[in-house]
Each structure stands twice: as C-alpha cells, then as structure tokens.
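The values are calculated or read from the model by the stated rules, or taken from the named source; none is laboratory data. Since the structure is predicted, the reported quantities are computational estimates derived from the model, not experimental observations. Reconstructed Cβ throughout: ideal geometry from the backbone, glycine too, with neighbour counts over all protein chains shown.
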Amino acid sequence: MVVTGRAKKRLDAMIAHSPIASVISNPRLKDNPIIACNSAFIELTGYSADEIIGRNCRFLAGPATEPWLTETIRSGVRRHSSVLVEILNYKRNGTPFRNAVLVAPTFDEDGELEFFLGSQVELVPDAPTTYANRRMAAALAVKRLSRRQREVLAEMAIGHLNKQIAHSLSLSEQTVKMHRALLMTRLGAATTADAIRIAVEAGL
C-alpha cells in the first residue's frame, strides 16, 4: 500500500521524528500489516524497512514470548482500544529483549478506525527506562499539565483528531491546536506518537 496526501502527512507527523521506535499498521488490510516505520524501530530491531513493511507486528515474537500478553495486545486491537504491555520480543539477530509495547488506535475524520500506532521501548534492568519508572515519570509529566491540556491529551490517547476533540470538549479547532502544541512542549513530546505513549503510560 502506498500512503499519499493527507494520510501520509499524518503518518509522518506521528512517528517520523520520534526517538521512540514506532510503526503504523493498517487494520483495513488483511492481517493488519505495518505500512510505515521510523528509523528508531529499524535501529532497535535490526530489521531493514523492506523486511518490516507488509508484516504484522507479531514477527518480533519468538519461542519465549508470553502468549497471554500477545492475546492482551490482540484483545486491544479487537476492541479498538489502547493497550500497554511488557513482553519478551526478539531482534533480527535472535537477541531477546523486554519490550514495553504500546498499541493505540487512530480514527479518521468520520470516526472510523484508520490506523494503529505501535511503539516499543527496550527495558534494560536497573536502567531509568524500566516499566515502573516510565509510568511514574509519565504520571508526573501529565500532572504538570493544565486541566484542559489533560483533557485534550486524553482525547489524543484514544485516537481522536483535532476536529473530534473540539466537538467532544466543546472547543474550537484552533483552541484545540493551541492546547495540543502547549501540552506537547510541556511533555517534551517530539511527535503525536510520543504524546500518546506518555498519556497511556500515565494511565489516561
């Protein structure tokens, strides 16, 4: 699938410049294949873009990947809801790694499911990126936002676009854009994908 026009711009804005390994998949295609990935994902997994595009994200699974966590992810996809799990995955060279995987839906302007965002953070024991530490840092970051910014972030986390957020919160789209820009700056989020991940890690 070739993504063009506004959809391509949205995908680029979501993951292209994120320091977090990220992919976009298309649930409208058979087996929900990956249609875009960023350089951080390539670096993390060791796979080339050609080896990634067109495959389902489960290609990172291996012999010791926990099947119940795989089912948790599948359940979130079926329900079109965000899910965050710590699961054992494998790099291209066979090296296993603990992976904090986020899968979150995004919707089009008509409210129909459009894509899934997937982002991955390698968890190194005793490092600042441990699961609990990331959740704590995210919660503190979100707490520093204004009430309205948290409301906008929560809407972003469930995949809503500016138009849908504006309708849900009874705001103008311009006001939503202003809050969105401010909250991303305060969170230190380079992309929409980063902001969504922080929101989910914080429990929004």
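Tell me, please, whether a residue that is at pLDDT below 90, closer than 23 Å to Ala199 by Cα and touching a strand residue (DSSP E or B) at 6+ places or on another chain (Cβ under 7 Å) can be found in the range 132-145.
yes
Give the range 106-117 a look and list any residue that's surrounded by fewer than 21 Cβ atoms within 10 Å (Cβ to Cβ) and part of a strand (DSSP E or B), or say none.
Phe107, Leu113, Glu114
Can you give me the ranges of the helices (runs of 4 or more DSSP H) entirely in the range 31-104 with at least 3 residues that are in the same structural domain as Phe115 (by TED's automatic domain parsing) and more than 23 Å from Thr191 (Cβ to Cβ)?
Those helices (runs of 4 or more DSSP H) span 67-79.
Mind checking whether some residue in the range 169-192 is without any contact (Cβ under 8 Å) to a residue 24 or more places away in the chain, of a type in the set (D, E, K, R), out of contact with any strand residue (DSSP E or B) (no Cβ under 6 Å at 6 or more places or on another chain) and not assigned by TED's automatic domain parsing to the domain that holds Met14?
There is at least one residue in the range 169-192 that is without any contact (Cβ under 8 Å) to a residue 24 or more places away in the chain, of a type in the set (D, E, K, R), out of contact with any strand residue (DSSP E or B) (no Cβ under 6 Å at 6 or more places or on another chain) and not assigned by TED's automatic domain parsing to the domain that holds Met14.
Need a quick list: helices (runs of 4 or more DSSP H) entirely within the range 142-201 having at least 1 residues that are more than 18 Å from Leu102 (Cα to Cα) and under 20 Å from the mean Cα position of the chain (by Cα).
147-157, 162-169, 173-187
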